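Let me begin by presenting the structure, written as structure tokens, before commenting on it.
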There are 4 protein chains.
Amino acid sequence: MDYQKILNTIEEDLKYYEAYGKVASYIPELAKIDRRKFGMHLYGVDSKHAAFGDSTEKFSIQSISKVFTLTMAMKLLGEDLWNRVDVEPSGDPFNSLSQLEYERGIPRNPFINSGALVIADILVSNLNDPKRELLDFVRKISNNSNIDYDNILAASEKSIGFRNYALVNYMKALGNIKNDVETIVDFYFFQCSLAMSCEELSRAFMVYANNGSILQTGENLFSRSKIKRINALMQTCGFYDEAGEFSFKVGLPGKSGVGGGIVAIHPSQYSVAVWSPILNAKGNSELGMAALEKLTTLSGLSIF
Amino acid sequence: MDYQKILNTIEEDLKYYEAYGKVASYIPELAKIDRRKFGMHLYGVDSKHAAFGDSTEKFSIQSISKVFTLTMAMKLLGEDLWNRVDVEPSGDPFNSLSQLEYERGIPRNPFINSGALVIADILVSNLNDPKRELLDFVRKISNNSNIDYDNILAASEKSIGFRNYALVNYMKALGNIKNDVETIVDFYFFQCSLAMSCEELSRAFMVYANNGSILQTGENLFSRSKIKRINALMQTCGFYDEAGEFSFKVGLPGKSGVGGGIVAIHPSQYSVAVWSPILNAKGNSELGMAALEKLTTLSGLSIF
Amino acid sequence: MDYQKILNTIEEDLKYYEAYGKVASYIPELAKIDRRKFGMHLYGVDSKHAAFGDSTEKFSIQSISKVFTLTMAMKLLGEDLWNRVDVEPSGDPFNSLSQLEYERGIPRNPFINSGALVIADILVSNLNDPKRELLDFVRKISNNSNIDYDNILAASEKSIGFRNYALVNYMKALGNIKNDVETIVDFYFFQCSLAMSCEELSRAFMVYANNGSILQTGENLFSRSKIKRINALMQTCGFYDEAGEFSFKVGLPGKSGVGGGIVAIHPSQYSVAVWSPILNAKGNSELGMAALEKLTTLSGLSIF
Amino acid sequence: MDYQKILNTIEEDLKYYEAYGKVASYIPELAKIDRRKFGMHLYGVDSKHAAFGDSTEKFSIQSISKVFTLTMAMKLLGEDLWNRVDVEPSGDPFNSLSQLEYERGIPRNPFINSGALVIADILVSNLNDPKRELLDFVRKISNNSNIDYDNILAASEKSIGFRNYALVNYMKALGNIKNDVETIVDFYFFQCSLAMSCEELSRAFMVYANNGSILQTGENLFSRSKIKRINALMQTCGFYDEAGEFSFKVGLPGKSGVGGGIVAIHPSQYSVAVWSPILNAKGNSELGMAALEKLTTLSGLSIF
């Protein structure tokens, strides 16, 4: 399939798309991003690439990082992980304390904030230098040593991250956080601050499209079974309260971030990343969603 | 792939499986089913069949019927349907009134009871003889005129169906039910009473595995796009509060019923139905879940 | 104390009060009431009366009737009553299904709709002719045979009373309704349709201000202890989600109805009723609330 | 009335009362209190005292302190206070985050933890030395300079006060906390650590029973209107999720603390404090509730 041609059509079609959403504005660093930024990069299992726009510009991947930390935690804990966090979609907004209260401190899945904070707690408990090792992990699966945290952004987010402090304190009261609050929140905002371009993201996520192996080297990092499960989680829980909508319209496992990035994979076909900082009412990239919907429509391919 | 061999292994492995759940007991007709019943039938797009156990014995399909009525409603209303019901997974139990209240009368998806009741309301508004036409539809996609309602079961369920009366009345108060309450509830319990065997169910669901065409005749009934979306909905919403778990462990779109039936499809590969009346705590067939998990493990195939 | 003088001041002060609320409009019979209606009647334990405005015009007492049915149910069941309904204020709007779900079918108090419907169920179970006996009861404590139901209003409300049907069906599913749904809802709308004037209401409620005895005859109907408890319930639960506000500003036990009536009592001092059909956002009479606040401010008397 | 005789009867009646609850155990300092402690002190507006048991032993007043801080905040802010906190009873447990989420950061009343933390924020914003000034206030209304904080208890509670940290962080995210989190939580646990005996508490609360004036000196500190409102709040919100029950059975405004203390007042009659550290399932002193119920039954006096 000629993916470059499809991406060209997407770029053309969405050029004048009126995006009504807003750029994430709660921290100055995110708010000052140019709202016209728009890029996409697709990486096929046949090693071909297709791209357009600002596809090589780095941006803050935010919640997309939750897929990386989950993968690490699954490797560390195996099945025991699921005593600390569930695998069910959340019917409530991503920062819902109500649901957490109802579920007695067990987050519904690892991709809502509470779940990612429990994952962070697990990494902090089990790794010597969690920040370093997360970075090593991402560089490894990306085959790219040029990926790093944005320390200033991390500090800025942390200084106003009261909701996440509330979540960690609440789960600590309920016994599902083992380390001290400050350490967890600090690690969490570092992971969110990872700066990557669409190209880099699609390379990193190829491991999920390629059954757990790095495409370039053939090195197998994760079992098919683990990858299958992470992909299933991205399918049902990757888009907060819009997971059903994304599954319904796009039909691929994926994960979005409040920085405007979305990554999706078609198992054994490709991984793809798209970036536009304008968010819809549910906190997902408006153009990103539209671009991916066009991709599966034009290619005639979804997992269903 | 030799599916019969895989099914034989599943039968063998689960023969002495201790199922801890209970048979649905709220109506005498369901409660008196022999809890040892267990059958499975797989129908491949290569027209081959594999089966074991009580695979030709009819049982009450209950909520599996929601897939049929949704398909009919999508054909009748097109995109307008989604103003009446959403496509998001439900984070609460299947009969939750709380969520409905929070969402102001718009059910989160067509597979929770409130959603199916709205779908029933749509069919009653748009069809001359909804019961007849639903039966015609199921017989047509099954290529089998020997499928029918269980009138006694329908009447029995209706006589104690207070939760569903509550849901319809509540949505009527909020403006999302147009017809009279009695008609909707009556139709709903009839659809739930449809009696089908695993074999019949797997034949009926082949249309969803086969891109909207009847396999035997090649007749195309639904666009690929409609089928893709129904499959996506089964993936994210087909198992009430256990949709994530099923997706995570099995990795196929599917739908369960409180009668103990589960149907699942692997697009362009097969449709499969399994039946065991013992339910787990979340209301899904315990052995059915285990059997399907084994199926995707043994076949090495999931959509992810 | 010269209550007539105080009532004159209230009338004068509120003459040009701009009430912003709406008349209850969900049924034609209530919607067509003249929004300028305004009357008040105070009945002292010294047998003196004070009044102004439309104080002798009958209106639909609606939820005020819940005090009468509760009193009857307490007489019939004694302490057993509290296994069926709780005595706690409700933190949610008066028709909340969520709360009922959370509490597993036990309404938080007898003055929210679900609670009053359970009380109705109790009366239907224990009385031969509940409508007749309720009417007898109200006529007796009012010493007035000229009080009756508004049959047309009752039928009209019932025809659109979907929320109450939902509540009864839901509680029946949870086992807290013993009789058939239709009978309960029918009785409930009859009790709500009772038509009484401010004068009649203040006479009826004198029994609660006068320690359970009819003032005119001295006949004791209820123990002090029962009356004390009913008054406590009016204090904490009489105004739906505005009970705290009323207690805070007025400081008297009372009960409001969606017809615009409010009744309040000062134990061993007086009973008072006020009527203005314009409702505030929480469903209580806007002028009625203001009038009663002025009453306790001007008289310098509250129970606190 | 001979209150000493009534208290003697209460002591006698409850001597062998089997209290089934537990002593608050979440902090060692509270857990090690002897569960057999039991004392009561009543202070009449006629300046007479009645008492029994451990009535002069100091204990941690915990949430009873919320009445003092509310009184100070009302003096500082007047009506503006009610933009920050509501006056409605809470239908949920005292530390409910769900309700706070639903109400968008405005606590339902000043006596649930979130409300008291907002009050703490107000005092921190408006006072130079809040801890000092709160102590001065309590000593003043008690006419007793021998009242102080328990610094060790305060530090101990703070070290595990994750729920309160969660509440403050959450409200800060929603804009209803102005100062830094640490300062608020620190102040809050100091106020809770105030150590007072039943005698001291009944003296302190006489100002609420005596229309805002210190009984011994006649000095008027607060307007009748303010006192009336605080008393109304104690009536509807003083006992968490058991406020209705207390109002129903006791019929007096009051406030409980998790240290096992309860204080109640009968306006223009008396103030009374009781202490027993065994708590019922809703977190209120089991014997304390029983003792106060007996008090109003035996004296035949409630506000209703």
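Quick note: the coordinates plus some simple rules give every number you see, no bench work behind them. Given the structure is predicted, the values throughout are model-derived calculations rather than measurements. Cβ placement follows ideal geometry from the backbone for every residue including glycine, while neighbour counts extend to all protein chains displayed.
For the range C:260-300, how big is Rg over Rh, using alpha carbon atoms and the Kirkwood form of Rh? Please report the intermediate quantities before stating the final value.
Numbers: Rg = 10.6 Å, Rh = 10.6 Å.
Radius of gyration relative to Kirkwood radius: 1.00.
Can you tell me the alpha carbon radius of gyration of the protein assembly as shown divided by the globular rule-of-thumb value 2.2 N^0.38 Å?
Working: Rg = 33.2 Å, N = 1216, 2.2 N^0.38 = 32.7 Å.
Rg over 2.2 N^0.38 Å, computed on Cα atoms: 1.02.
So what are the ³J(HN,Hα) numbers for the range D:255-262, from phi and the Karplus equation (6.51, -1.76, 1.60; θ = phi - 60°), rounded to whole Hz, Gly and Pro as x?
Couplings: 8, 10, x, 6, x, x, x, 9 Hz.
Top mean-square fluctuation among C:Asn109, C:Asn231, C:Asn220, Gaussian network model of chain C, C-alpha springs under 10 Å?
Fluctuation is largest for C:Asn220.
Rounded, prolate or oblate: which fits the range A:6-49 when a ≥ b ≥ c are the square roots of the eigenvalues of the alpha-carbon gyration tensor, with rounded for a/c under 1.5 and prolate only if a/b beats b/c? Display every interim value, and only then the final one.
Details: a/c = 3.94, a/b = 1.70, b/c = 2.32.
It is oblate, given that a/c is not under 1.5 and a/b is not larger than b/c.
Suppose R0 equals 56 Å. What FRET efficiency, 1/(1 + (r/R0)^6) with r the Cβ-Cβ distance, do C:Ser213 and C:Ala31 give to the nearest 0.05?
Working: r = 39 Å, r/R0 = 0.70.
With R0 = 56 Å, the Cβ-Cβ based efficiency is 0.90.
Most mobile of A:Thr56, A:Thr217, A:Thr69 per a Gaussian network model of chain A (Cα springs, under 10 Å)?
Looking only at A:Thr56, A:Thr217, A:Thr69, the biggest GNM fluctuation is shown by A:Thr217.
Using a simple charge model, +1 on the beta-carbon of Lys and Arg, -1 on the beta-carbon of Asp and Glu, nothing else, what dipole does the range C:63-191 show about its Cα centre, in debye to the nearest 20? Walk me through the numbers on the way to the answer.
On the way: 13 positive and 17 negative charges, 22 e Å.
Taking the Cα centre of the range C:63-191 as origin, the dipole is about 100 debye.
Of D:Trp275, A:Trp82, how do they rank once you tally other Cβ atoms within 10 Å and put the fewest first? Walk me through the numbers before you get to the answer.
Details: D:Trp275 31, A:Trp82 15.
So the residues, fewest neighbours to most, are A:Trp82, D:Trp275.
Which percent of Cα pairs goes in each bin when the distances of the range D:63-192 are cut into 5 angstrom slices starting at zero?
Result, from short to long distances: 2, 11, 22, 24, 22, 12, 6, 1, 0 percent.
How high is the FRET efficiency between A:Tyr102 and B:Ala281 when r is their beta carbon distance and R₀ equals 22 Å, given to the nearest 0.05?
On the way: r = 16 Å, r/R0 = 0.74.
Efficiency for this residue pair is about 0.85.
Would you mind classifying chain B by shape? Square roots of the alpha carbon gyration tensor eigenvalues, ordered a ≥ b ≥ c; an a/c under 1.5 is rounded, otherwise it is prolate if a/b is larger than b/c and oblate if not. Write down the numbers at each step before the final one.
Details: a/c = 1.55, a/b = 1.34, b/c = 1.16.
Taking the square roots of the gyration eigenvalues as a ≥ b ≥ c, chain B is prolate.
Which chain A residue sits with its beta carbon nearest the axis carrying A onto C, and how many Å away is it, rounded to a whole number?
Here the value is A:Tyr102, 5.
Put a label point 7 Å from Cα along the Cβ direction on C:Gly175, then list its distances to the equivalent points in the other copies in nm, shortest first.
2.8, 3.9, 4.7
What are the nm distances, shortest first, from A:Ser213 to its equivalents in the other copies, labels at 7 Å along Cα→Cβ?
Those separations, rounded to one decimal, come out as 3.3, 9.2, 9.6 nm.
Along the range A:116-125, what does the Karplus equation 6.51 cos²θ - 1.76 cosθ + 1.60 (θ = phi - 60°) give for ³J(HN,Hα), rounded to whole Hz, x for Gly and Pro?
5, 6, 5, 4, 4, 4, 5, 5, 4, 5
What whole-number distance in Å separates the alpha-carbon centres of the range C:100-143 and the range D:203-249?
34 Å
If you take the square roots of the eigenvalues of the alpha-carbon gyration tensor of the range C:1-89 and sort them as a ≥ b ≥ c, do you get rounded (a/c under 1.5), prolate (a/b over b/c) or oblate?
Working: a/c = 2.57, a/b = 1.42, b/c = 1.80.
Verdict is oblate for the range C:1-89.
Say we join alpha carbon atoms closer than 10 Å with springs in a Gaussian network model of chain C; which of C:Pro28, C:Pro107, C:Pro253 then has the biggest fluctuation?
Highest fluctuation among the options: C:Pro28.
What are the distances, in nm and sorted shortest first, from the label point of A:Tyr102 to the label points of the same position in each other copy, with each label point placed 7 Å from Cα along the Cα-to-Cβ direction?
In ascending order, 0.4, 1.1, 1.1 nm.
Among D:Leu30, B:Leu70, D:Leu298, A:Leu100, which comes first, second and so on when ranked by fewest other beta-carbon atoms within 10 Å? Could the numbers behind the result be given before it?
Details: D:Leu30 20, B:Leu70 25, D:Leu298 16, A:Leu100 28.
Ascending Cβ contact count within 10 Å gives the list D:Leu298, D:Leu30, B:Leu70, A:Leu100.
Which whole number gives the average, over all residues in B:171-178, of C-beta atoms from other chains lying within 10 Å of the residue C-beta?
On the way: counts 2, 5, 9, 3, 1, 0, 1, 0.
Taking the mean over all residues of the peptide, I get 3.
How well do other chains shield peptide A:78-90, expressed as the mean number of their Cβ atoms within 10 Å of each residue Cβ? Walk me through the intermediate numbers first.
Values: counts 0, 0, 0, 0, 2, 0, 0, 0, 4, 8, 13, 10, 4.
Counting other chains' Cβ atoms within 10 Å and averaging over A:78-90 gives 3.
Quick check on chain A: helices-only [θ] at 222 nm, where DSSP H runs of length 4 and up contribute -39,500 (n - 2.57) each and the sum goes over total residues. Nearest 500, please.
Working: 13 runs with 142 residues, N = 304.
The per-residue figure over chain A is -14000 deg cm²/dmol.
Find the all-direction average of the projected area of the Cα convex hull for the range D:154-304, expressing the result in square nanometres with one decimal place. Numbers along the way, then the final one.
Working: hull surface 41.3 nm².
Reported value for the Cα convex hull: 10.3 nm².
From the cross-link list C:Lys22/D:Lys178; B:Lys226/C:Lys172; C:Lys32/C:Lys255; D:Lys228/D:Lys249; A:Lys22/B:Lys172, which pairs have alpha carbons spaced over 28 Å apart?
Working: C:Lys22/D:Lys178 37 Å; B:Lys226/C:Lys172 39 Å; C:Lys32/C:Lys255 23 Å; D:Lys228/D:Lys249 21 Å; A:Lys22/B:Lys172 36 Å.
Result: C:Lys22/D:Lys178; B:Lys226/C:Lys172; A:Lys22/B:Lys172 exceed 28 Å.
Per-residue HN-Hα couplings for the range C:17-27, Karplus 6.51 cos²θ - 1.76 cosθ + 1.60 at θ = phi - 60°, whole Hz, x for Gly and Pro?
With the stated coefficients, the range C:17-27 comes to 4, 8, 8, 9, x, 10, 6, 3, 10, 6, 10 Hz.
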